[in-house]
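Single-structure report; data block below.
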Amino acid sequence: MVGWTGKFLRVNLSKGKAVAEAYGASVARDFLGGRGFAAKILWEELGRGVDPLSPENKLIFAAGPLTGFSLPSSGKLVVASKSPLTGGYGDGNIGTIAAVQMRKADYDAVIIEGRAKKPLVLVIRDENAEFLEAKDLWELNSFETEERLTSIYGRTAGILCIGQAGENLVKYATIVSQEGRAGGRPGMGAVMGSKVLKAVVFIGSHDLQAAYPKEMQELGAEAYREVLTKPNYSFWKRQGTMSTIEWSQENAVLPSCNYREGVFGKAQTIGGFAMEKIKVSNRGCPQCNMTCGNIVKDSDRKESELDYENVAMLGSNIGLGDLKQVAALNRVADEYGLDTISLGNVLGFAMEASEKGLIDQNIPWGGFKTTKALIKDIAYRSGPLGETLAEGVRSASEAVGGGSDRWAMHVKGLEVSAYDCHTAPAMALAYGTSSIGAHHKDAWVISWEVKAGRESYNARKVDKVIELQRIRGGVFECLTVCRLPWIEVGLELEWYSRFLYAATGLEMSLDNLNTIADRVFNLTRAFWVREYGKKWGSHMDVPPARWFEDPLTKGAFEGRSLDRDKYNNMLQMYYRKRGWDERGIPRKSTLKKLGLEDAASQLGGRVKLAE
Ligand code: PTT
Ligand code: SF4
């Protein structure tokens, strides 16, 4: 096996033991890496019903066969686990030197099991693993933690850590790296906190082996040059994902005041051009020559990294139109290690609940000081409201009552990303069927949908969602490289098959890669169904009621909302094309065709499987 290291490291924190394990070539060929490895390991090794915050849950760091090679934007790592927020499969993708160093330490994945007795830092240096007491680091924020560890291990060490939110088991705590790169939206930081693991440091000394080293080097260099020639490159470097604020406003999909509206009166003051005025530098992931992290000075005079999602969720969605203040909220979210998408969602929910008199506290829309204080309460689980909101919006709506489940903006417990779907049925379907809950990563279909026509519910839209789920959620998550060179500056997909060939010697067409993507997608779905059993049904794939029942009151699409019957028809069409039954459960024949016989037999014991 070349290109892959062929090894996983299994770390048991309860026993203080780490053992390297070889895995077979067929695993590499059938699952590729990243999300593919994570889904396979979690499927095979977790029993149904494991408490996500117990020692029995496992935290996986997984790279792919391209991760770490000298080619565009290859410094990415999948962090995965059973999610404490959703109870289903959960993962995220974080840009970090840890991805590169883990591969250089000679591992494609690390499986963390058990629970440490005392706060711990795990240091993985090639074949050695050290379990070091982290008493002095516990209760530090993510920036402070990283700074301390960098002063010991140097700037080239790969560090993953949690802030106070992870320690306090906030259900949407993330894992943080490189001063604000954050990954694992569905609570991977809380899982790390439950293992009393403050940080992991990777230091590797091996060179990555490619099947065709010379070709790999030349191809990588050529691809880096190609990125620089793309017409959108210089604008991308100026604004990164931030130009999406203006785009979303123009197209009335910018979430505003807990997704009541798709336009925001102060969009211009938080958009890409406003950001450029206060930008001080660019930051990014390793191996990238189109770095997109916009660093600005916030209202607390600290540095904060702005991306579209952060600004939409902590800006327009909570009615805040001062970009420096938005940046300050984003900075504290990074410090505590809270996912900004879920956080902005939960805050918007609390503001609406306050407005409607469902909670006692006064939390005004756009109130900077109140919001900042509330974020601290959430990170520390202080007071009844902090405690309630730390559980995520699904649970908060159950606690608050008063019909708030209608405007608790989540799918399967994961809070919706920053695209309003009152007039975007395909994007609603993408949220509905994503493998981790309402995240845009698997199928960001909205830019295509806006051009293709907002009003229609049809087979073309279903096909497009599936196509994107295969490429984005499958190919990129399994190769484990950043998808932005492809989606944002236009590095053609063919490059990735060529990279894979040079790295591994395997010739894989896009069709082959799509089959792997389908295998992994069906396995994550099987994971969900195994957990939810008879409670599973097509209602699990339906977006929040607000988009069907509360029409927009502003903007070009005033009066519009989603049509429930048409959405459900489109969902059934999606199931048929996926080879699933009317409940959204894979058919036995679909699982078998993808080589998932074990999933077929395990699921068969849980729910009746259609042939
Ligand atoms: C991702 C999600 C996103 S998606 C954003 S902004 W985006 C938010 N960023 C957060 C943040 O920052 N701090 C914080 N405390 N919470 C945050 N939550 C949100 O997390 C991210 C980039 C971006 S920026 C995107 S689109 C792309 N995502 C990729 C992906 O998912 N896969 C892949 N193969 N390539 C990708 N490239 C891009 O990476 P999650 P990152 Mg991310 C400050 O983590 O869980 O996947 O959620 O990790 O290193 O910050 O890169 O407009
Ligand atoms: Fe990271 Fe942005 Fe580069 Fe992707 S394009 S690797 S998210 S810096």
**Prompt:** Here are some conditions: (1) within 17 Å of the chain's Cα centre (by Cα); (2) surrounded by fewer than 24 Cβ atoms within 10 Å (Cβ to Cβ); (3) of a type in the set (Lys, Arg). Arg115 meets all but one. Which one does it not meet?
**Reply:** (1)
**Request:** Specify which of the listed residues (Ala373, Ala418, Ala379, Ala399) is surrounded by fewer than 24 Cβ atoms within 10 Å (Cβ to Cβ) and within 20 Å of Gly315 (Cβ to Cβ).
**Result:** Ala373
**Complete:** Exception for Ser54 within (1) over 23 Å from Lys15 (Cβ atoms); (2) in a loop (DSSP other than H, G, I, E, B); (3) more than 16 Å from ligand 2 (Cβ to nearest atom); (4) not aliphatic (A, V, I, L, M) falls at (1)
**Prompt:** What single numbered condition from (1) within 25 Å of Cys288 (Cα to Cα); (2) not in a loop (DSSP other than H, G, I, E, B) fails to hold for Leu66?
**Reply:** (2)
**Among (1) among the hydrophobic types (A, V, I, L, M, F, W, C); (2) more than 10 Å from ligand 1 (Cβ to nearest atom); (3) touching a helix residue (DSSP H, G or I) at 6+ places or on another chain (Cβ under 8 Å) - the single one Met313 does not satisfy** = (2)
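For (1) under 25 Å from Lys441 (Cα atoms); (2) without any contact (Cβ under 8 Å) to a residue 24 or more places away in the chain; (3) under 16 Å from the mean Cα position of the chain (by Cα), each residue gets a yes or a no:
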position: Val19; (1), (2), (3): no, yes, no
position: Phe31; (1), (2), (3): yes, no, no
position: Trp43; (1), (2), (3): yes, no, no
position: Asn57; (1), (2), (3): yes, no, no
position: Gly64; (1), (2), (3): yes, no, no
position: Ile94; (1), (2), (3): yes, no, yes
position: Tyr107; (1), (2), (3): no, no, no
**Asked** Tell me, which helices (runs of 4 or more DSSP H) lie completely within region 450-548 with 2 or more residues that are of a type outside the set (A, V, I, L, M, F, W, C), more than 16 Å from ligand 2 (Cβ to nearest atom) and farther than 23 Å from Gln217 by Cβ?
**Response** 459-468, 510-532
**Request:** Could you grab me the full set of residues in region 543-579 that are surrounded by 16 or more Cβ atoms within 10 Å (Cβ to Cβ) and hydroxyl-bearing (Ser, Thr, Tyr)?
**Result:** Ser561, Tyr567, Tyr574, Tyr575
**Item:** Residues being outside any helix (DSSP H, G or I) and more than 12 Å from Val346 (Cβ to Cβ) - total across region 386-408
**Value:** 3
**Selection status of Arg238, among the basic types (Lys, Arg), in a helix (DSSP H, G or I) and either touching an Asp or Glu at 6+ places or on another chain (Cβ under 6 Å) or closer than 30 Å to Ala98 by Cβ (or both)** = yes
**Prompt:** Can Ala333 be described as touching a Leu at 6+ places or on another chain (Cβ under 7 Å), crowded, with 19+ Cβ neighbours inside 10 Å and either without any contact (Cβ under 8 Å) to a residue 40 or more places away in the chain or closer than 30 Å to Trp486 by Cβ (or both)?
**Reply:** yes
**Request:** Being touching a Ser or Thr at 6+ places or on another chain (Cβ under 8 Å) and of a type in the set (Val, Ile, Thr) is the filter here, so list the residues in region 366-393 that pass it.
**Result:** Thr388, Val393
**Prompt:** So which of Tyr496, Tyr532, Tyr501 is of a type outside the set (A, V, I, L, M, F, W, C), in contact (Cβ under 8 Å) with a residue 24 or more places away in the chain, touching an Asp or Glu at 6+ places or on another chain (Cβ under 7 Å) and over 27 Å from Gly262 (Cβ atoms)?
**Reply:** Tyr501
**Request:** Determine whether Gln178 is of a type outside the set (A, V, I, L, M) and away from ligand 2 (no atom under 16 Å from the Cβ).
**Result:** no
**Request:** Mind listing whichever residues of region 223-256 are among the hydroxyl-bearing types (Ser, Thr, Tyr) and either within 25 Å of the chain's Cα centre (by Cα) or within 16 Å of ligand 1 (Cβ to nearest atom) (or both)?
**Result:** Tyr233, Thr241, Ser243, Thr244, Ser248, Ser256
**Request:** Return yes or no: is Leu77 crowded, with 24+ Cβ neighbours inside 10 Å and within 14 Å of the chain's Cα centre (by Cα)?
**Result:** yes
**Item:** Candidates Val27, Val2 - the one that is in a loop (DSSP other than H, G, I, E, B), at pLDDT 95 or above and more than 20 Å from Val191 (Cβ to Cβ)
**Value:** Val2
**Message:** Please go through (1) within 16 Å of ligand 2 (Cβ to nearest atom); (2) assigned to a loop (DSSP other than H, G, I, E, B); (3) touching a Leu at 6+ places or on another chain (Cβ under 7 Å) for Val227 and return the number of the only condition it doesn't satisfy.
**Reply:** (2)
**Request:** Would you mind telling me which numbered condition in (1) in contact with a Ser or Thr (Cβ under 9 Å, 6 or more places away or on another chain); (2) surrounded by fewer than 18 Cβ atoms within 10 Å (Cβ to Cβ); (3) within 18 Å of Glu44 (Cα to Cα) Gly533 fails?
**Result:** (1)
**Prompt:** Would you pick out the residues in region 433-461 that are under 15 Å from Arg578 (Cα atoms), crowded, with 23+ Cβ neighbours inside 10 Å and in contact (Cβ under 8 Å) with a residue 60 or more places away in the chain?
**Reply:** Thr433, Ser435, Lys461
**Fill in**
Counting only residues that are among the β-branched types (Val, Ile, Thr) and farther than 18 Å from Ser316 by Cα, region 256-285 contains a total of 2
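The values are calculated or read from the model by the stated rules, or taken from the named source; none is laboratory data. Model, not experiment: these values are computed from the prediction. For neighbour counting, all protein chains shown are included, and Cβ atoms are generated from backbone atoms with ideal geometry for every residue, glycine included.
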